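Below: one structure, written as structure tokens.
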Amino acid sequence: MVTVYPSTVEREYIVRNGFLHAGMETFNMKRVFLIVLDSVGIGEMPDAADYGDAGSNTIRAVASSPYFSMPNMRKLGFFNIDGVEIGEKEKDPAGSFARMTEVSKGKDTTIGHWEIAGVISPKPLPTYPNGFPQEIIEEFSKKTGRGVLCNKPYSGTDVIRDYGEEHLKTGDLIVYTSADSVFQVAAHEDIVPVEKLYEYCQIARDMLRGEHGVGRVIAIPFTGTPGNFTRTTRRHDFSLQPPKVTMLDQLSGAGFDVLSVGKIIDIFAEKGITEYVRTTGNEDGINKTLDYMKKDFNGLCFTNLVDYDMLYGHRNDVEGYAKALTYFDERLPELLAAMGEEDVLMITADHGCDPSTPSTDHSREYTPLVMYGAPVRAGENFGTRKSFSDIAATILSYFDLTPECAGEAIPVFKK
């Protein structure tokens, strides 16, 4: 029998009007806070060489920095995870933990998050190492009424440095990609207002389906002058909708709240999400997660902290990456202190992005899973799991829902 809990709106109505639904004497408040440390991989997977990632180990690379310090994550059991080769293992971990295997064919943000939510992708999303076919560029140019610059894989900072001045002179859009399945469009906010850039990206999203269905079309607004261009925080991702039912769909469909912090709303194309807030970076993401912890809701809060990947992994910045992880660890006690008796905290990642390798792209790695809270059995090592989707099945089991998506529930909760 499935227990259906009242949503936030229903509870507010009940409290405001001073009565309960029939048979509902108390609110059983269950909350899961799932935080994705974007790109914090913990070592190469067996098929890493097939992706050009042999030897990649994001956490080992970052731990080599003198700025790296994660004592609070160590206490939860992070260093006890199979294959993690850094730091001192915790004798009596406060949390339980596992090493997660990606089954999907790919190593990008979209596929990683989809698998976390219970959708396994048997084929990689299309990538364009030589740029997009000319017919796509011509159609995009015709529909937007603007020319196109670049059209090849490029670093996000380098592309506006190298093409920004020409863009200012011509008004042509800077279109580029990476090793990921992305169609990125950069434009100066003085030349193309942000809302117009979003309109252009929606045009591209509508075009790029089927054979050319990239995971994300990304709007990259920037400001500044030649030699001093800067990307702004008004980036926006236009994602494909997941092709199958996710845990978000199941939770929201059963009346639970599904709250998005950061780019989760974009990765899932809004599907299955009941409320969202965008963020400007890791600090803002942590703060907004804490804000949700202080509010009354019943369900899942799904957070992505993107700086590790966007600011440091792709730029091969080991020191910056280390400082960012140390900052998260310093804020972790605040998150733990804000948890209620029925709250569960899960910390994981979606892929790797080793900042010490010559590549600036994502890496095919195992990811961590740390679980903590009063309902969680402490000190359990659940070994190497077969799929990221076990996270979805575990969360659904906590809310007494039978998964309609992939994954096997981890038996982490107390009876």
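The values are calculated or read from the model by the stated rules, or taken from the named source; none is laboratory data. Just so it is clear, the model here is predicted, and its values are computed rather than measured. Here the Cβ positions follow ideal geometry from the backbone for every residue, glycine too, while neighbour counts run over all protein chains shown. We work out accessible area using only protein heavy atoms, side chains counted, and drop any ligands, DNA or RNA first. Shrake-Rupley method; radii C 1.70, N 1.55, O 1.52, S 1.80 Å.
Check Lys107, Lys123 and return the single one that is assigned to a loop (DSSP other than H, G, I, E, B), under 19 Å from the mean Cα position of the chain (by Cα) and either touching a residue at least 60 places away in the same chain (Cβ under 8 Å) or closer than 30 Å to Gly383 by Cα (or both).
Going through Lys107, Lys123 in turn, the sole match is Lys107.
Does Arg60 meet the test of being at pLDDT 95 or above, within 22 Å of the chain's Cα centre (by Cα), surrounded by fewer than 21 Cβ atoms within 10 Å (Cβ to Cβ) and under 23 Å from His113 (Cα atoms)?
When the stated conditions are applied, Arg60 passes them.
So Val412 fits all but one of (1) surrounded by fewer than 18 Cβ atoms within 10 Å (Cβ to Cβ); (2) more than 19 Å from Gly285 (Cα to Cα); what number is the exception?
Status for Val412: all satisfied but (1).
State which residue pairs qualify: first residue without any contact (Cβ under 8 Å) to a residue 40 or more places away in the chain and inside region 315-336, second residue open to solvent by 30 Å² or more (accessible area, probe 1.4 Å) and assigned to a helix (DSSP H, G or I) in any location, beta carbons under 6 Å apart, and separation of 6 or more residues or different chains.
Gly320/Tyr312
Determine, yes or no, whether Gly352 is within 22 Å of Asp266 (Cβ to Cβ), modelled with pLDDT of 95 or more and not basic (Lys, Arg).
Considered against the rule, which asks whether it is within 22 Å of Asp266 (Cβ to Cβ), modelled with pLDDT of 95 or more and not basic (Lys, Arg), Gly352 comes out as yes.
The rows are residues; the columns are (1) among the aliphatic types (A, V, I, L, M); (2) at pLDDT below 95; (3) assigned to a loop (DSSP other than H, G, I, E, B).
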site: Phe19; (1), (2), (3): no, yes, yes
site: Gly23; (1), (2), (3): no, yes, yes
site: Asn28; (1), (2), (3): no, yes, yes
site: Val32; (1), (2), (3): yes, no, no
site: Gly41; (1), (2), (3): no, no, yes
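Quick one: which strands (runs of 3 or more DSSP E) sit completely within region 148-250 and have at least 2 residues that are open to solvent by 40 Å² or more (accessible area, probe 1.4 Å)?
Once the strands (runs of 3 or more DSSP E) in region 148-250 are filtered for at least 2 residues that are open to solvent by 40 Å² or more (accessible area, probe 1.4 Å), what remains is 148-153, 216-225, 228-231.
Going through region 323-348 one residue at a time, which ones are in contact with a helix residue (DSSP H, G or I) (Cβ under 7 Å, 6 or more places away or on another chain) and acidic (Asp, Glu)?
Asp329, Glu334
Which of the residues that make up region 126-147 are open to solvent by 60 Å² or more (accessible area, probe 1.4 Å) and not in a loop (DSSP other than H, G, I, E, B)?
Matches in region 126-147: Gln134, Glu135, Glu138, Glu139, Lys142, Lys143.
Would you mention how many residues in region 388-401 are free of Cβ contacts under 8 Å to residues at least 60 places away in the same chain and surrounded by fewer than 24 Cβ atoms within 10 Å (Cβ to Cβ)?
Counting residues in region 388-401 that are free of Cβ contacts under 8 Å to residues at least 60 places away in the same chain and surrounded by fewer than 24 Cβ atoms within 10 Å (Cβ to Cβ) gives 1.
Look through Phe302, Phe297 and report the one residue that is open to solvent by less than 10 Å² (accessible area, probe 1.4 Å), part of a loop (DSSP other than H, G, I, E, B) and over 22 Å from Arg205 (Cα atoms).
Of Phe302, Phe297, the one residue that is open to solvent by less than 10 Å² (accessible area, probe 1.4 Å), part of a loop (DSSP other than H, G, I, E, B) and over 22 Å from Arg205 (Cα atoms) is Phe297.
Among the residues of region 332-353, write down those that are of a type outside the set (Gly, Ala, Ser), within 13 Å of Gly373 (Cβ to Cβ) and open to solvent by 30 Å² or more (accessible area, probe 1.4 Å).
Leu336, Met339, Glu341, Glu342
Suppose the filter is in contact with a helix residue (DSSP H, G or I) (Cβ under 7 Å, 6 or more places away or on another chain), aliphatic (A, V, I, L, M) and open to solvent by less than 30 Å² (accessible area, probe 1.4 Å); does Val103 pass it?
Judged against the criteria, Val103 is not a match.
Pick from Asp307, Asp284, Asp329: which is open to solvent by 30 Å² or more (accessible area, probe 1.4 Å) and either over 26 Å from Leu208 (Cβ atoms) or of a type in the set (Gly, Ala, Ser) (or both)?
On inspection, the qualifying residue turns out to be Asp284.
Which of the residues that make up region 365-415 are assigned to a loop (DSSP other than H, G, I, E, B) and of a type in the set (Asp, Glu)?
Those that are assigned to a loop (DSSP other than H, G, I, E, B) and of a type in the set (Asp, Glu): Glu380, Asp400, Glu404, Glu408.
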